1. Identify the residue in the stretch 342-355 that is part of a loop (DSSP other than H, G, I, E, B) and modelled with pLDDT of 95 or more and, among all such residues, is surrounded by the most Cβ atoms within 10 Å (Cβ to Cβ).
2. Restricting to helices (runs of 4 or more DSSP H) lying wholly in the stretch 68-186: which have 3 or more residues that are open to solvent by less than 60 Å² (accessible area, probe 1.4 Å), in contact (Cβ under 8 Å) with a residue 40 or more places away in the chain and under 28 Å from M219 (Cα atoms)?
3. Could you list, in sequence order, the residues of the stretch 1-10 that are open to solvent by less than 10 Å² (accessible area, probe 1.4 Å) and not aromatic (F, W, Y)?
4. Just to be sure I understand, how many residues within the stretch 304-341 are open to solvent by 30 Å² or more (accessible area, probe 1.4 Å), β-branched (V, I, T) and farther than 21 Å from N293 by Cα?
5. Count, please, the residues in the stretch 282-303 that happen to be open to solvent by 30 Å² or more (accessible area, probe 1.4 Å) and either in contact with a helix residue (DSSP H, G or I) (Cβ under 6 Å, 6 or more places away or on another chain) or not hydrophobic (A, V, I, L, M, F, W, C) (or both).
6. Would you confirm, using the coordinates I've provided, whether K253 is among the charged types (D, E, K, R), touching a residue at least 60 places away in the same chain (Cβ under 8 Å) and open to solvent by 10 Å² or more (accessible area, probe 1.4 Å)?
7. Any residue in the stretch 23-51 that's touching a residue at least 24 places away in the same chain (Cβ under 8 Å) and of a type in the set (F, W, Y): show its pairings with residues that are crowded, with 19+ Cβ neighbours inside 10 Å and in a loop (DSSP other than H, G, I, E, B) at Cβ separation under 8 Å, as long as the two are six or more apart or on different chains.
Amino acid sequence: MSEHFDLAVVGAGIIGLSVALAAVKKGKKVVVIERNTKAIGASIRNFGFITISGQKQGDHWARARRARDVWAEVAQEAGIEVLHRGLVMPAYRQEAEAVLDAFLETDMGSDCRRISAAEALEHVPSIRAEGMRGALYSPHEIRVESREAIPKIAAWLEARHGVTFHWSTAVNAVEGTTVSTSRGVIEAEACVVCPGDDFSTLFPDRIAPYKLRVCTLQMLRVMPAKPIKFDAAVMSDLSFGRYEGFADLPVAKALCDRLDAELSEMRREGIHLIAVRSADGSLVVGDSHVYGNAQEPFAQDRIDTLIMEAFDQIFDLPGREIIGRWCGSYASASDRVVMVDEPADNIRLVMVTGGTGASTGFALGEQVINSLYA
């Protein structure tokens, strides 16, 4: 190859695609370089759940609000189906109810509302009403099928915006304006590297000080015994105790302490229930969080069992069947939700370090491009 671009983007996951979109909106000539034949990482192994309520308060929550608006535009233009909208979070413990009420008093809760158990069941009739003290309803969230949406975004960027894609092409080094690949050299005035949870191929010396870990998660596809109405994503008490937008509230400590006592194994494995619906009527259910220096190569049956125990605590769906299982992984940090490093004035190294790339990536991409072309 002997090509010249304004911007080279390394990685065709949601962060790389977000950076590419932000750049072409500024009129830049963009190439995206991906070592695989298609995106196969965290960007397609998730819920496709664009989550706003529960994101860490401040800049990250604002990113999610902005990214959700971009998703709405991109989904329409790229032919991506929005399967359902909104979030219902029933609270069964008194402490979870207190977190719900405290959240609604923050700026993050200004467009959300508390609903009754009966109202929650209008959205998702299979939620267990017994013991429900109320529920949070958030109107912001949207649900797409990631394994279909990510390829459609790439195809749309290529056809509509003229982005060049080089698949099955490994990037070996980025120095100055030279991007050395397994298929030759690409010249680009700037480069954004989006390595996912690969900490050793490009700029390992820049990544090492951040002390990142790899989070492995397990997810399931569950088919109800008969068709059901499922018009919103569902989370519950475990998520009130995990998502920073809820768990960082002072009142959440009592909930976390109770969950640690009552559901200690689930908490230890990082399980917090999320359920969303797919077009075929199946539900994507998860997930767990196990941290280490590399992705765990094998799923653990016990973790799947715990996920389904959490599921059955919230849903009354006799005869439901697990029809699919998979693992995902992402970069994780204990002290930040995103990592943007500058190896050089014209190079950025970008990761979302908390598993929220789908929910915040489009906004992060805009921020990165604005910093490059200020």
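The values are calculated or read from the model by the stated rules, or taken from the named source; none is laboratory data. Small disclaimer: the values here were computed from a predicted structure and weren't measured. All Cβ positions, even for glycine, are placed from backbone atoms using ideal geometry, and neighbour counts span all protein chains on display. The protein model used for the area step is the full one, side chains on, heavy atoms only, and it has no ligands, DNA or RNA in it. Shrake-Rupley method; radii C 1.70, N 1.55, O 1.52, S 1.80 Å.
1. T353
2. 94-104, 146-161
3. Residues satisfying the conditions are L7, A8, V9.
4. 3
5. 8
6. It is false that K253 is among the charged types (D, E, K, R), touching a residue at least 60 places away in the same chain (Cβ under 8 Å) and open to solvent by 10 Å² or more (accessible area, probe 1.4 Å).
7. F47/D287
Here is a yes/no grid of residues against (1) closer than 30 Å to I127 by Cα; (2) out of contact with any Cys (no Cβ under 8 Å at 6 or more places or on another chain):
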residue: N293; (1), (2): no, yes
residue: A299; (1), (2): yes, no
residue: I314; (1), (2): yes, yes
residue: I323; (1), (2): yes, yes
residue: Q367; (1), (2): no, yes
